[in-house]
1. Please specify each residue of the stretch 193-211 satisfying the condition of being under 14 Å from Asn275 (Cβ atoms) and open to solvent by less than 10 Å² (accessible area, probe 1.4 Å).
2. So for the stretch 34-43 (the condition being assigned to a strand (DSSP E or B), touching a residue at least 40 places away in the same chain (Cβ under 8 Å) and within 30 Å of Leu371 (Cβ to Cβ)), does at least one residue qualify?
3. In the stretch 341-350, which residues are assigned to a loop (DSSP other than H, G, I, E, B) and surrounded by 14 or more Cβ atoms within 10 Å (Cβ to Cβ)?
4. Can you name the number of the only condition in (1) assigned to a loop (DSSP other than H, G, I, E, B); (2) at pLDDT 85 or above; (3) surrounded by fewer than 20 Cβ atoms within 10 Å (Cβ to Cβ) that Ser116 fails?
5. So the check is Cβ under 6 Å with 6+ separation or different chains; which pairs have a first residue in the stretch 405-417 that's in contact (Cβ under 8 Å) with a residue 24 or more places away in the chain and a second one that's part of a loop (DSSP other than H, G, I, E, B) and open to solvent by 50 Å² or more (accessible area, probe 1.4 Å)?
6. Being in a loop (DSSP other than H, G, I, E, B) and touching a strand residue (DSSP E or B) at 6+ places or on another chain (Cβ under 6 Å) is the filter here; which residues of the stretch 44-57 pass it?
7. Could you look through the stretch 302-322, keep only residues that are under 15 Å from Pro394 (Cα atoms) and among the small types (Gly, Ala, Ser), and pick out the one that is most open to solvent (accessible area, probe 1.4 Å)?
8. Would you mind finding the one in Thr70, Thr96 that is over 30 Å from Val192 (Cα atoms), open to solvent by 20 Å² or more (accessible area, probe 1.4 Å), assigned to a strand (DSSP E or B) and at pLDDT 80 or above?
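The values are calculated or read from the model by the stated rules, or taken from the named source; none is laboratory data. In this text, all values refer to a predicted model and were calculated from it rather than measured experimentally. No Cβ is skipped: glycine too gets one built from the backbone with ideal geometry, and neighbour counts run over all protein chains shown. In case anyone asks, the SASA skips ligands and DNA or RNA and just uses the protein heavy atoms, side chains included. Shrake-Rupley method; radii C 1.70, N 1.55, O 1.52, S 1.80 Å.
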Amino acid sequence: MRWFLRVGAALLLTLGLAATTFAATPDGTTASTAIPLPASLSASGVLTGSSPGSFTYYAFNYPGDGVTGTVALTVSPSDPNTTNAVGVHLYQGTNTLLSMNALGAVSGSKLGTFASPTTGPVLVQVYNYLPGQAASYNFAITGLNGQPGTTTPSTGAPATGSNGKTAATAIPLPSSLSASGTLQGTSEGSFVFYTFNHPGGSSPSAIALTVSPSDSNTTNAVGVNLYQNGVNLLSMNALGAAVSGSKVGSFSPTTAGPILIQVYNYLPGQAASYNFSITGVTQPATTGTTSASGSTAASTGKTATTARPLPANLSASGTIVGSTNGDFTYYTFNYPGNGVTGTVALTVSPSDSNTTNAVGVHLYQGTNTLLSMNALGAVSGSKLGTFASPTAGPVLVQVYNYLPGQAASYNFAITGLTQ
């Protein structure tokens, strides 16, 4: 903590120069000479620590509009002393967007997210406070508009460079939500990255992992980490209690969105084959065949393609019985675009915490999630959420229930839009 306070004070003296980041020779030694990041928004280097701190600076342009970026940081050596003392800060003007060292669930690898309403330059400060320790670092920033190397969440189609070697080039999982491969271990860790979209909800999903060889040395050193928005959802090796080399772990993301899977191998020289599959996930159906008005030949509301058009008052009610994999009812309406903010008022009954945690709504526009909200509010059973988009067009409302056997009545109304 002392390190962060100290560097924060020092930076206030230099951040006034951030607006002229590109004016001086960009050698990265000061904030005013920060190195512009390439189109991949990634960089690597070696930084030797000191008591007052050693730093390297980079800069990039952030698109604004609250777009969430993810920083994937890797540091070597990966011992706790080094990874606790080495990390990154992201600044925009006088605001700190992210402060993160490299001491993660898998030591030496860590994810962090940032967002801002403001467009403009962002300063990346790589720091090392461990005197005399030379640390190599690599970071990549993903999730920003127009950035190469991202994936298309709705189709799972690989973007250019989706080779799985870094978090920024994670391989989209197929519809089976499974993958297999072989990974050669190293003392610093070898990794393969995958990604998939989770619809949210409170019911747990599971990942079943199998590793070969199944001896205890290998299965102790090989496993998976699951992250969502920089939060570790699960850390699990393959050292199973019942059958060595086979293990199942559960995870429960409460929000919809991409999940990053990191397969790791820390046993030097050992080639390990792995296979994993994910269950308990029901992906939202595609909206590709919904007409502009949301009408279909049979608007039953059972699928996204048969979503019911909302009436002029943009409200609906009904009853939905939950299941482990989720039960859904779909509605659709036309959104006017131009960043107009809509408000969803949701009421659910029964209003106990188990039900209201498992029942809620998702709003999708094309491949973008505009809102993910359950009904567990300050007043249990009633909750408000807002959404906005620059794009006009159909929006899909998915009402969900993940509580097995629980019949829940719901009512929602959308306000604030100009129809």
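1. Ile207, Leu209, Val211, listed by residue number.
2. no
3. Pro350
4. (3)
5. Note: pairs meeting the criteria are Gly416/Thr341.
6. If the condition is that a residue be in a loop (DSSP other than H, G, I, E, B) and touching a strand residue (DSSP E or B) at 6+ places or on another chain (Cβ under 6 Å), then Ser50, Ser51, Gly53 are the ones that fit.
7. In this case the residue turns out to be Ala312.
8. Thr96
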